[in-house]
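Written out below as structure tokens is the structure these notes cover.
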Amino acid sequence: MLYSRYFIPTIKETPSDAEVISHQLMLRAGMIRKLASGIYNYLPLGLRSIRKFENIVREEMNKADAIEMLMPSVQPAELWQESGRWAFYGKELLRFKDRKEAEFCMGPTHEEVITDMVRREIKSYRQMPINFYQIQTKFRDEIRPRFGLMRGREFIMKDAYSFDVDSSAADLSYNKMYNAYMRIFERCGLNFRAVEADTGSIGGSSSHEFMVLADSGEDAIVSCDACRYAANIEKAESPLFTDICDVVSKPLQKVLTPEMKTIADVAAFLNVESVNTIKTLVYASDQGDLVMALLRGDHELNELKLKNHLGWDEILMATEEQILFCTGSPVGFLGPIGLKQDIQVIADRVVQGMVNVVIGANEKDQHFINTTIGRDFDASAFIDIRTVSAGDSCPRCDAGKLEMWRGIEVGHVFKLGTKYSKALNASYLDSHGREQTIFMGCYGIGIGRTVAAAIEQNHDENGIIFPIPIAPFHCSVVAINTKDSGVMAAAEEIYFCLEKLGIEVLFDDRDERPGIKFKDNDLIGIPIRIVVGSKGLAEGKVEMKIRSTGEVLSLSLEEVAENVKQLLDAALVHAE
């Protein structure tokens, strides 16, 4: 491809509304252009990377026996009403009416549509397992679209849906997709983790997120430095401390702690470590139910763990009025002793067995010291409700410690079970002729989001450093001084030779200064750059620069094609 005949509208200045690196660089590199809030045109260079990633996804999905199809973006309201998600999904669901006043939505996902198709077409256990996938445009009316393709309203997604006869068979389909996702992101040359995750609004019994590691990632994740355990911070299991305290408990005593409302203030005032205090928090459900949560003073509550244990739809910090009603105390002096109203008390499992600790006395400016769990108060349950910390022991192996990362979610797999098949009455006849409910799984990958995440992970001050498998072009040939016929002849010879080998080449034949060409080539992230100039040609040499390492080689004309092919083959073979 000739640069002069292609469309790569690079810009020098960083757009003011671009907050993250991928958004900045995709705009500057001429990969995307904004049409409306959260809606983008994919320009030729950006589309090439997206199509390359799509091809990797298709190859691995096909290898995993998934079958490609295409479902409509526009979906009838009746299906969403039948599943119960029409009202539940909220304002992110873009609703509209046609000329006949029938209600529709722009699909943010396709569970309802695919389940409707399957309930009409799949009638027997002999037709399963089966897995359908598509690469389709979705729309979610985000309240605050931001970060370019990272969180847009309209986006390209690969979604797949598996259908099985029972839970055990669904596990096999789930594992098949999990392994396919591992291969997909490995082939892209990305540093990522597959982490245990909450199922969220999609529902289901088990779930993994695939996170590209990047400092700009919105999600906090943990992974073990010794085994394969990894989890979203909301899902991560905290280790169970097994140390048994053999300290003799002292008599409970109430002490004055004037205006000491925080753990840090109380610990400093009483000259104790925060590990010897208990933090008390009160939460409310959307129905007005109250719960008191107890944690060790140096730990933080994981609201999702508490919410899931209670089975609440929503969890909220209790109001001052609610707290005063059940404890009789202002915030800052709360505790489980002497409650004014009956309230469920849930304690983190680390709290169990604590002796001689400090806790609020449910009176202004008062705390208890020498509190002993089981003697002075008890809890209805001791469970894992805390947020893990870096350096915690791994909950799955004896050797490892947990490390903290920032991640960008690019893929998610769910074992749905029968949530949608029951709601939409998708059933089959088993081998005995009995009607049974189909078990489902769903599996999504953000296509544009993955390309953006690759840029977040692979860039420098000069621009994008594309991994070879998803780079828009494998190689560029840059002619210095296009008015020199010898330079152009040599550059064209290299260009045509590389093209004959099946290498995707961008020939920078523009009549521009060398500095402009080098800056543009670095900005758009081409992995290998061949520079042809009159000075080098006088010695029979051209320059090859590898974008990812900065390594520069001086090669003869005859060596160029072989060296480029070797580099690409090594990268692409490793990725297959």
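Laboratory data are not the source of any read-out in this text; all were calculated from the coordinates shown. Just so we're clear, the structure is a prediction, and the values are computed from it rather than from any experiment. Using ideal geometry, Cβ is built from the backbone for each residue, glycine included, and neighbour counts are taken over all protein chains shown.
One quarter of the convex hull surface, Cα atoms only: what value does that give for the stretch 348-393 in nm²? All intermediate terms of the calculation are to be shown ahead of the outcome.
Working: hull surface 17.8 nm².
Reported value for the Cα convex hull: 4.4 nm².
Each of Ser216, Ser329 was scored by other Cβ atoms within 10 Å of its Cβ. Listed from fewest to most, they are Ser216, Ser329. Farthest toward the positive end of the dipole of the stretch 473-574, out of Ser554, Ala479, Phe518, is the Cα of Phe518, where the dipole comes from beta carbon charges about the Cα centre.
Could you list Glu142, Glu54 in order of exposure, starting from the residue whose Cβ has the fewest other Cβ atoms within 10 Å?
Fewest to most other Cβ atoms nearby, the residues stand as Glu142, Glu54.
Arranged from fewest to most other beta-carbon atoms within 10 Å of their beta carbon, Thr482, Thr115, Thr387 become Thr482, Thr387, Thr115.
Quick check on the stretch 358-513: take the gyration tensor over C-alpha atoms, sort the square-rooted eigenvalues as a ≥ b ≥ c, and tell me if it's rounded (a/c under 1.5), prolate or oblate.
The shape class here is oblate.
Karplus-derived 3J(HN,Hα) values for the stretch 531-541, using 6.51 cos²θ - 1.76 cosθ + 1.60 with θ = phi - 60°, are 10, 10, x, 5, 5, x, 5, 4, 9, x, 10 Hz; glycine and proline are entered as x. Only Lys, Arg, Asp and Glu carry charge here, each on its Cβ (+1 for the first two, -1 for the last two); on that basis the stretch 319-472 has a dipole of about 520 debye about its Cα centre.
Considering only Ser73, Ser427, Leu93, and ranking their Cα positions along the charge dipole of the chain that arises from unit charges at the beta-carbon of Lys, Arg, Asp and Glu, the one farthest toward the positive end is Ser73. Of all DSSP-defined beta bridges confined to the stretch 253-383, some 65% are antiparallel rather than parallel. Please tell me which of these pairs span more than 31 angstrom C-alpha to C-alpha: Lys91/Lys419; Lys97/Lys158; Lys97/Lys419; Lys63/Lys565; Lys12/Lys545; Lys34/Lys545? Beyond 31 Å between Cα atoms: Lys34/Lys545. Here the chain is assigned +1 on the Cβ of each Lys and Arg and -1 on the Cβ of each Asp and Glu. Its dipole about the Cα centre then comes out at about 980 debye. For the stretch 473-574, give me the percentage of DSSP beta bridges that are antiparallel, rounded to the nearest 5 percent. Counting only bridges with both partners in the stretch 473-574, antiparallel ones make up about 50 percent. Give me the angle, in degrees from 0 to 90, between the Cα long axis of helix 514-524 and the longest principal axis of the Cα atoms of the chain, rounded to the nearest 10. The angle comes out near 40 degrees. The simple spin-label model puts a point 7 Å past each Cα toward its Cβ; for Arg228 and Arg51 those points are separated by 3.5 nm.
For Glu218, what is the net charge nearby, where nearby means another residue's Cβ is under 14 Å from its Cβ and Lys, Arg count +1, Asp, Glu -1?
-3
The trypsin sites (Lys or Arg not before Pro) of the stretch 420-524 that meet both conditions, a loop assignment by DSSP and at most 11 other Cβ atoms within 10 Å of the site Cβ, are Arg434, Lys483. Think of each Lys and Arg Cβ as +1 and each Asp and Glu Cβ as -1; about the Cα centre, that makes the dipole of the stretch 253-383 roughly 400 debye.
A simple spin-label model places the labels of Glu562 and Gln127 5.8 nm from each other, with each point 7 Å out along Cα-to-Cβ. Restricting attention to the stretch 253-383, the count of lysine pairs at 8 or more positions apart or across chains with alpha carbons under 17 Å apart stands at 7. Helix 485-500 and the longest principal axis of the Cα set of the chain meet at an angle near 60°.
For the stretch 146-189, rounded, prolate or oblate, judged on the Cα gyration tensor with a ≥ b ≥ c (square roots of eigenvalues), a/c < 1.5 rounded, else prolate if a/b > b/c?
oblate
Once divided by 2.2 N^0.38 Å, the Cα radius of gyration of the stretch 473-574 becomes 0.98. Could you work out Rg/(2.2 N^0.38 Å) for the chain, with Rg from alpha carbons only? Cα-based Rg divided by the globular estimate yields 1.20. For the stretch 253-383, the alpha-carbon radius of gyration amounts to 0.98 times the rule-of-thumb value 2.2 N^0.38 Å expected for a compact globular protein.
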